[in-house]
Amino acid sequence: MQRERWDSRIVFIFAAVGSAVGLGNIWRYPFLAHKYGGGAFLLPYLIALLIIGIPLLILEFGLGQRMQKGAVDSFAAIKRRLSGVGWAALITSFIVITYYVVVMSWAMIYLFDSFSLRWGSDTSSYFYDTILQSTSSINEIGNISPIIFLALLASWIAIYFSVWKGVDSLSKVVMWAVPIPMVLIIALLIRAVTLPGALSGIALYIKPEFSALLDPEIWIAAVSQIFFSLSLAFGVMIAYASYNKKNQDVVEDAFAVGITDSVVAILAGFIVFGTLGFMAQQQGIAFEDVAVGGPGLAFVIFPKALSLMPFASLFSVFFFLTLVLLAIASAFSLVEAVTTTVEDKTRKIKREVISFVVCLVGFLGGLIYITGAGIYFIDLVDHFLTHYSLIIVGILECIAVGWIYGAEKLRKYINKVSKRDIGQWWNFSIKYAIPVLLIFVLILQIKEELGRSYAGYPNWALMLGWILVVGTFVVSFSLPQKKVKIPKGA
Ligand code: PHE
């Protein structure tokens, strides 16, 4: 049977950019930047992009395209027992998607609220009490929020209809779900930097503080941000590249996607900080008092700042529409990674059915995050997955491709299909530099974790985090393994 194909190379690039650019760019990046010394974060971030992000993106694109298979079978083709690497990526994807779509559904609620600026002046109480109906700690589960329940259902329906016909329907959706937010981001950028007071916020965003570079935490943050933002170690990029023709340019595509993702993140920083600078000035308060990270930024601080602007509804719609569209393209890439794998395995079940089951299970799995304690669970699970599972999958990918398949062998293939060659340096990064750096980051992180319990969560919650991480790898490597043939080269 013929493998499905993207309509064109541009569609593939749009889809990959759609997966990469998401909630991670709009609120995660800007606040990491601020937290770790403004302009100084840019340096570790760019270093992580160049020495880890782009080489790994080349690896994932190259592997998926060479093997013409999703994550599990791509690794199984190298060696039967390596299919566990693919499974670990997929299980991680699946856990991430359950909460990612919950955040998307918050954005959807806010998109509707934008027309009337329904959040009013107490945006914090609106978010935590009215929408989330949040309890005071993770120990208290509370109730399921009916409004988020509906929004979550709507989000999953939207995702299902984007993926149900596979590459065909995906292609149609990404052709507008990716460019529209890009235009909106430019509009928001122009608006933000021309607001009174914007420059004082931006100054903090880009002010370098080089002493921060000595802090190991900044490097951990930069590396996990690169993984999350480029959708690396999720099996997503492997699955997407598997729908390319065998002779498509890998190097150019990887650079295009990697650079676009970072440019959007950096621009989002200007939007966020410009807007916060404006808000601080309007309210006559110190910038530090408005600058909070995490979900509080997009759903508490931003609605407030937007309300103070001229044409508040219009810019609110722009902002939340951007979030929803970016989130949907990222979310369905996660579903697609899982569906691709199941489809590789069983040719008998129709893809519509596979996607439906994936979406249904994803929806049910998300219910825990829409309870009163939901936001704590999101924070907890996100922490363990991004700081451990992704990094470990990254290390295993390097070992599998660098040492077992052979970095040189994949490099030869990549150079054969790409206009610009990658040099020997790539072999060196995949075999030595990246795994060594990642192992180092992992050790630092474990040391940090043992030193103080993350965000003061109770032991049972932290246990749950560890079980998710360890369980992922135990399950992945005990699933049945089948031999997969490497297809003929380009
Ligand atoms: N890259 C996305 C973001 O920055 C998150 C994501 C990770 C999406 C993995 C798909 C797969 O928001």
message: Is it the case, given these coordinates, that Ile58 is modelled with pLDDT of 95 or more, under 18 Å from the mean Cα position of the chain (by Cα), among the hydrophobic types (A, V, I, L, M, F, W, C) and open to solvent by less than 10 Å² (accessible area, probe 1.4 Å)?
response: yes
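For region 4-38, name all the residues that are open to solvent by 40 Å² or more (accessible area, probe 1.4 Å) and more than 12 Å from the ligand (Cβ to nearest atom).
Hits for region 4-38 are Glu4, Arg5, Asp7, Ser8, Arg9, Ile10, Phe14, His34, Lys35.
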field: Filter pass, Gly235 being buried (at least 22 other Cβ atoms within 10 Å of the Cβ) and either more than 16 Å from the ligand (Cβ to nearest atom) or not hydrophobic (A, V, I, L, M, F, W, C) (or both)
entry: yes
- prompt: What tally of residues in region 1-25 results from selecting those that are in a helix (DSSP H, G or I), more than 14 Å from Ala337 (Cβ to Cβ) and in contact (Cβ under 8 Å) with a residue 40 or more places away in the chain?
  reply: 9
- prompt: Restricting attention to region 135-167, which residues are open to solvent by less than 40 Å² (accessible area, probe 1.4 Å), within 14 Å of Gly366 (Cβ to Cβ) and in a loop (DSSP other than H, G, I, E, B)?
  reply: Ser145
message: Could you check region 311-348 and list, in sequence order, the residues that are of a type in the set (A, V, I, L, M, F, W, C), crowded, with 24+ Cβ neighbours inside 10 Å and within 30 Å of Lys482 (Cβ to Cβ)?
response: Ala331, Phe332, Leu334, Val335, Ala337, Val338
- request: For region 250-257, state whether one or more residues are farther than 21 Å from Val178 by Cβ and away from the ligand (no atom under 14 Å from the Cβ).
  value: yes
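Determine, yes or no, whether Glu252 is touching a Ser or Thr at 6+ places or on another chain (Cβ under 9 Å), surrounded by fewer than 19 Cβ atoms within 10 Å (Cβ to Cβ) and acidic (Asp, Glu).
Taking the combined requirement at face value, the residue satisfies it.
I want to confirm something. Restricting to region 203-219 and keeping residues that are hydrophobic (A, V, I, L, M, F, W, C) and open to solvent by 10 Å² or more (accessible area, probe 1.4 Å), which single residue is nearest to the ligand (Cβ to nearest atom)?
Trp219
Kindly indicate whether any position in region 71-93 is open to solvent by less than 40 Å² (accessible area, probe 1.4 Å) and farther than 30 Å from Glu343 by Cα.
First pass over region 71-93, keeping only residues open to solvent by less than 40 Å² (accessible area, probe 1.4 Å): 71-78, 82-86, 88-90, 92-93.
From what is left, the residues that are farther than 30 Å from Glu343 by Cα are none.
The answer is no, given that none of the residues of region 71-93 is open to solvent by less than 40 Å² (accessible area, probe 1.4 Å) and farther than 30 Å from Glu343 by Cα.
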task: Name the single residue, out of those in region 265-275 being of a type in the set (A, V, I, L, M) and open to solvent by less than 10 Å² (accessible area, probe 1.4 Å), that is nearest to Gly70 (Cα to Cα).
output: Ala265
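Considering each of Arg5, Arg9, Arg28 in turn, give the residue that is among the basic types (Lys, Arg) and closer than 19 Å to Thr322 by Cβ.
Criteria check complete, one pass: Arg28.
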field: Members of region 297-355 that are among the β-branched types (Val, Ile, Thr), away from the ligand (no atom under 16 Å from the Cβ) and outside any loop (DSSP other than H, G, I, E, B)
entry: Val300, Ile301, Val317, Val342, Val353, Ile354
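The values are calculated or read from the model by the stated rules, or taken from the named source; none is laboratory data. Everything quoted here is computed from the prediction, not taken from an experiment. FYI the Cβ positions are ideal-geometry reconstructions off the backbone, even for glycines, and counts take in every protein chain you see. When the accessible area is computed, the model is the full protein with side chains, heavy atoms only, and any ligands, DNA or RNA have been set aside. Shrake-Rupley method; radii C 1.70, N 1.55, O 1.52, S 1.80 Å.
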